Amino acid sequence: MTSSAFKLTRPTGTPGHIVFSSPHSGDEYPAQFLRDSQLDAHTLRSSEDAFVDRLFASAPGLGATLISSRIPRAYVDLNREETELDPSVVEMERRSGLNPRLAAGLGVIPRVVAEGRVIRPGKITRKAAENRIAQFYRPYHAELEALMTEAHTRFGEAVLYDCHSMPRDALRGHTARGGKLPEIVLGDRFGSSCAPRIMAQALSAFEAEGFRVVCNAPFAGGYITQAYGRPEKGWHCLQIEIDRSLYMDEAAIRPRGDFEAFRVRLDAVVERLIVAKSAGFSVAAE
């Protein structure tokens with residue numbers, strides 16, 4: 001299934017209780033947005049979680065649902081609350097006490113892309129901001145909410161893996177086992193967005209494939225993890241951050257020559273997550 005806001009791939013037959021989401025891999029830039037930007041198209045792409053939707057493309061074949069954004073993060077950020085409007089970007093009344101994301105220019109309508117580069121001079125109208133949210137943000141979240149509700153209704157439990165990528169430089173100062181830089185960061189908002197067993201299963205799945213993994217630092221989870229992680233109600237959400245340098249040339253924003261080999265390696269992780277989760281669910285259901 002496709003819409004102007006997202007691509008949705010369901011597994012053959014009855015969908016399971018696991019959903020993979022890639023909210024920042026969208027790369028369909030509106031022509032007017034490109035014309036209005038003071039940045040070139042390549043620079044605008046620096047905020048993308050480029051190719052993450054392709055990395056998790058095996059999920060439907062293994063019984064999970066995959067949803068990914070079509071629209072880029074620089075246009076509207078699906079991992080923000082829709083009320084996080086920045087008065088330096090949108091024509092609106094100024095507010096005091098902006099949260100750190102808004103202060104940094106990273107609201108639902110971003111002011112900057114990576115490295116703090118300003119997307120466009122001036123502001124957009126409140127109506128233009130609302131149009132972006134209505135056309136792209138709300139449909140994505142409505143579908144995500146529906147998928148989680150469907151999974152929970154069918155199985156009594158729903159699990160969302162929120163999939164992202166991170167620049168290699170974001171990992172400086174952090175170490176995994178053995179003192180080396182981590183390659184994967186798993187975030188459960190310090191235990192509040194999913195049951196401990198789900199974090200443990202994910203940690204085991206990545207480490208079994210040889211990845212260096214850390215939890216909740218430097219990324220513990222964003223808006224999606226917070227909004228859809230309701231473990232007391234049987235909704236679980238875990239954020240996955242992957243070091244971009246493992247599979248792409250970060251400067252050129254293109255897949256590395258060994259992209260497919262890396263994807264196959266990640267396929268094994270995805271399969272472990274689905275099999276481990278299904279096994280855990282069966283035990284819990286008994």
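Odds and ends about this structure:
- With the highest mean first, a sort of the peptides 35-47, 157-169 on other beta-carbon atoms found within 10 angstrom per residue produces 157-169, 35-47.
- When the chain is treated as a GNM with alpha-carbon contacts under 10 Å, the residue of T149, T83, T65 showing the greatest mean-square fluctuation is T83.
- Average accessible area per residue (Å²) across the chain - probe 1.4 Å, nucleic acids and ligands excluded: 43
- Net lengthening on full extension, R117/N131 (0.36 nm per residue, minus Cα-Cα): 2.7 nm
- Label-point separation in nm, L98 to F190, each point 7 Å along Cα→Cβ: 2.5
- Its Cα centre serving as origin, the chain has a Cβ charge dipole (Lys and Arg +1, Asp and Glu -1) of approximately 360 debye.
- Over segment 64-200, relative contact order from alpha-carbon pairs under 8 Å, at least 6 apart, %: 19
- Each peptide among 214-220, 117-123 gets the average number of other Cβ atoms lying within 10 Å of its residues, and from highest to lowest they stand as 214-220, 117-123.
- Calculated mean residue ellipticity, 222 nm, the chain: -9000 deg cm²/dmol, from DSSP H runs (n ≥ 4) at -39500 (n - 2.57) each, averaged per residue and rounded to 500.
- Peptide packing for 4-15, 137-148 was compared via the average number of neighbouring C-beta atoms within 10 Å per residue; ordered from the highest value, the list is 137-148, 4-15.
- The chain, accessible surface, carbon-and-sulfur percent (1.4 angstrom probe): 51
The values are calculated or read from the model by the stated rules, or taken from the named source; none is laboratory data. Remember, predicted model here, so these are calculated numbers, not experimental data. All Cβ positions, glycine included, derive from the backbone under ideal geometry; neighbour counts span all protein chains shown. Ligands, DNA and RNA are stripped out before the accessible areas are found, and what is left, the full protein with its side chains, is counted by its heavy atoms. Shrake-Rupley method; radii C 1.70, N 1.55, O 1.52, S 1.80 Å.
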